[in-house]
Amino acid sequence: MFWSALLSVDVKKAQTVVAVDARVAPEACLTMAEVRHGVDALDRALVQLLAERQRYMDAAARIKPSRDVVHDDARIEDVVAKVLAAAGPAGLSADIAEPVWRTLIDRCIAHELGVWDKTRA
């Protein structure tokens, strides 16, 4: 099985593909080695996707006019609601999705605040 996800890479809207290494489907795994290989392959792809997400936080820090607007409770709840709406149909437990995204959002806000401060110093 081979998956790919498009990543934007520059201002001209060029895209690149994040490849997920070939792996045995979870349902077909017969050994822990196959399970671990699949998890490791997905983790490598997730790192690429999260790095792009971080670059959007860098952009937000550059664009937002005030440090006070970096933390936006309404936007946080909107993001979590969208993730939960997508999680179910994708087969992802809300018990995993919600705390993972809330932690991700928290760390992204901390990163954005750091970038905002650094670029305004």
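Let's see how each residue does on (1) assigned to a helix (DSSP H, G or I); (2) surrounded by 13 or more Cβ atoms within 10 Å (Cβ to Cβ); (3) touching a residue at least 60 places away in the same chain (Cβ under 8 Å); (4) not charged (D, E, K, R):
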| residue | (1), (2), (3), (4) |
| --- | --- |
| Gln48 | yes, yes, no, yes |
| Ala51 | yes, no, no, yes |
| Gln54 | yes, yes, no, yes |
| Met57 | yes, yes, no, yes |
| Arg62 | yes, no, no, no |
| His71 | no, yes, no, yes |
| Ile76 | yes, yes, no, yes |
| Val79 | yes, yes, no, yes |
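Could you check, for the stretch 102-115, whether at least one of its residues is under 30 Å from Glu27 (Cβ atoms), open to solvent by 80 Å² or more (accessible area, probe 1.4 Å) and in contact with a helix residue (DSSP H, G or I) (Cβ under 8 Å, 6 or more places away or on another chain)?
The answer is yes; a qualifying residue exists.
Please verify whether Ala97 is open to solvent by less than 70 Å² (accessible area, probe 1.4 Å), touching a strand residue (DSSP E or B) at 6+ places or on another chain (Cβ under 7 Å) and within 25 Å of Val24 (Cα to Cα), treating the condition exactly as stated. Spell out the reasoning first.
On the way: open to solvent by less than 70 Å² (accessible area, probe 1.4 Å): yes; touching a strand residue (DSSP E or B) at 6+ places or on another chain (Cβ under 7 Å): no; within 25 Å of Val24 (Cα to Cα): yes.
The answer is no for Ala97.
Condition (residue is modelled with pLDDT of 95 or more and over 20 Å from Ala97 (Cα atoms)) applied to the stretch 74-84: is it met by at least one residue?
Filtering the stretch 74-84 down to residues modelled with pLDDT of 95 or more leaves 74-84.
Restricting the remaining residues to those that are over 20 Å from Ala97 (Cα atoms) gives none.
Checked the stretch 74-84: no residue is modelled with pLDDT of 95 or more and over 20 Å from Ala97 (Cα atoms).
Can you confirm whether Glu112 is in a helix (DSSP H, G or I), modelled with pLDDT of 95 or more, charged (D, E, K, R) and in contact with a strand residue (DSSP E or B) (Cβ under 6 Å, 6 or more places away or on another chain)?
Details: in a helix (DSSP H, G or I): yes; modelled with pLDDT of 95 or more: yes; charged (D, E, K, R): yes; in contact with a strand residue (DSSP E or B) (Cβ under 6 Å, 6 or more places away or on another chain): no.
Judged against the criteria, Glu112 is not a match.
Quick one: is Arg36 open to solvent by 90 Å² or more (accessible area, probe 1.4 Å) and in contact (Cβ under 8 Å) with a residue 24 or more places away in the chain? Step through it out loud before you land on a result.
Details: open to solvent by 90 Å² or more (accessible area, probe 1.4 Å): yes; in contact (Cβ under 8 Å) with a residue 24 or more places away in the chain: no.
No, not satisfied.
Quick test of your reading of the structure: Ser8 fulfils all but one of (1) under 17 Å from the mean Cα position of the chain (by Cα); (2) at pLDDT below 95; (3) within 29 Å of Ala121 (Cβ to Cβ); (4) open to solvent by 40 Å² or more (accessible area, probe 1.4 Å). Name the failing condition by number.
Failing condition for Ser8: (4).
Within the stretch 95-121, can you find the residues that are of a type in the set (A, V, I, L, M, F, W, C), closer than 20 Å to Leu49 by Cα and out of contact with any His (no Cβ under 8 Å at 6 or more places or on another chain)?
Restricting attention to the stretch 95-121, the residues satisfying the condition of being of a type in the set (A, V, I, L, M, F, W, C) are 96-97, 100-101, 104-105, 108-110, 113, 115-116, 121.
Filter once more, keeping what is closer than 20 Å to Leu49 by Cα: 96-97, 100-101, 104-105, 108-110, 115.
Correct list: Ile96, Ala97, Val100, Trp101, Leu104, Ile105, Cys108, Ala110, Val115.
The values are calculated or read from the model by the stated rules, or taken from the named source; none is laboratory data. Treat the numbers as computed from the prediction; the structure is a model and nothing was measured. No Cβ is skipped: glycine too gets one built from the backbone with ideal geometry, and neighbour counts run over all protein chains shown. Heads up: the accessible areas ignore ligands, DNA and RNA and are worked out on the full protein's heavy atoms, side chains in. Shrake-Rupley method; radii C 1.70, N 1.55, O 1.52, S 1.80 Å.
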